[in-house]
C-alpha cells in the first residue's frame, strides 16, 4: 500500500512541470524562454529576495500574468523590465541601474567586505601583539 502511495506521489511530482508550463501559452516557442528569463530576473516586491518565478505570493502571480501579457503585446525585455521598475521601483530588478538612489545597493556589499577585512586585519595584529607580550591598550 505504501509503495503505491509513493509511486503516485512520484508520478505527480514528475508530471507537474508539464502542466505548469502550459499555464502561460504563447504563440511562439521563444516567448516561453523570454517569459522564463524575465520571471527569474524580476524580484517579488513582497518576498525576501525571491524571484517572481519562484514566489507563491499573490503579487508575484499578478506580475507573472502581466509579464505574459506584455510579451504577447510585443514589448521587448527591456521595456517589460522598465514597466515593472516604474511601477515598483528599482528593488524589483536584480540588476538595478547605478543611480544616486541605488548607490547603496552597489556599495553596501563592497563596503561590508572591506570593513570585514579591516576588522580581521586588526584582530590579527592585536593577537600578534598579545603573543609578543606588548601592551595591547
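Here are some notes:
- Nitroxide proxy distance, nm - points 7 Å out along Cα→Cβ at residue 98 and residue 79: 2.9
- With the gyration tensor restricted to C-alpha atoms of the chain, the semi-axes of the equivalent ellipsoid amount to 45, 27, 11 Å, longest first.
- The distance separating the Cα centre of the range 34-59 from that of the range 62-118 comes to 12 Å.
- Scaling against 2.2 N^0.38 Å puts the C-alpha radius of gyration of the range 36-116 at 1.20.
- Helix-derived mean residue ellipticity, 222 nm - over the chain, DSSP H n ≥ 4, -39500 (n - 2.57), to 500: -22000 deg cm²/dmol
- Structure remark: mean-square fluctuation, Gaussian network model of the chain, C-alpha springs under 10 Å; the largest value among 108, 68, 60 belongs to 108.
- Label-to-label distance, nm, for residues given as residue 23 and residue 46 (7 Å Cα→Cβ offset): 1.4
- Full-extension gain in nm, residue 128 to residue 91, via 0.36 nm per residue minus C-alpha separation: 8.9 nm
- Share of Cα-Cα pairs in the range 98-137 lying beyond 16 Å, as whole percent: 54
Just so you know, all these numbers are worked out from the coordinates, no wet-lab data involved. What you see is a predicted model, and the numbers here were worked out from it, not measured in a lab. In this analysis, Cβ positions are derived from the backbone assuming ideal geometry, glycine residues included, and neighbour counts consider all displayed protein chains.
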